Amino acid sequence: MGRMSEAPKPDGKALERFRIVMLPHLDAAYGFARWLTRDPVEAQDVAQEAMLRALRYFHAFRGEEARPWLLRIVRNTWSDMRMLRSGERVPLDEVESIVDGGPDPEQTALAVDRRRQIAAALAALPEESREVLVLREIEELSYKHIAAILDLPIGTIMSRLSRAREKLAVELGGRLGKE
């Protein structure tokens with residue numbers, strides 16, 4: 001991280017441009033960090049550090065699409081932080097549920113349960129599978145953007161996504177079969 005100080009400090013114009021271009025993607029950065037870390041507190045740390053890095057290196061941003069650029073920084077930040085901690089990770093104890101607030105309590109309860117089952121199955125997948133699924137299905141990024149974020153060929157993304165979907169289906173089948 002000592003190299004970060006070598007980057008020029010952003011001026012007022014750059015700060016305003018950063019606010020306009022990058023801040024709308026803060027939720028996506030946190031969401032992706034949450035799936036990577038499987039811990040909401042650690043995800044906040046990763047997202048915050050990633051935003052600081054994005055700001056520090058915003059001069060290198062050339063107007064390409066902001067969300068994939070930021071999500072790649074999130075992934076790299078997570079990798080750096082994980083290496084510093086020697087792989088020590090706190091598992092996600094409870095899966096967050098979001099209530100639709102629909103008029104029918106029974107339908108709402110079923111929807112919440114489905115979300116819990118899907119989130120738990122997704123959280124149980126290996127990181128490689130989880131990150132490609134989150135980027136495609138939750139963040140709704142194109143294969144091209146996912147390939148840029150993960151620094152992999154599009155064909156590799158397609159095959160990883162196919163295998164990840166299969167693993168998720170097996171995991172969900174096992175979870176739903178237990179009920």
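What the phi angles of the stretch 143-155 give under the Karplus curve with 6.51, -1.76 and 1.60, with θ = phi - 60°, is a coupling list of 4, 4, 5, 5, 4, 5, 5, 8, 6, 9, x, 4, x Hz, glycine and proline written as x. Rolling a 1.4 Å probe over the protein heavy atoms of the stretch 116-163, with every protein chain left in place, gives an accessible area that is 54 percent carbon and sulfur.
The values are calculated or read from the model by the stated rules, or taken from the named source; none is laboratory data. These numbers were taken from a predicted model, which means no experiment stands behind them. Only protein heavy atoms, including side chains, enter the accessible area calculation; ligands, DNA and RNA are left aside. Shrake-Rupley method; radii C 1.70, N 1.55, O 1.52, S 1.80 Å.
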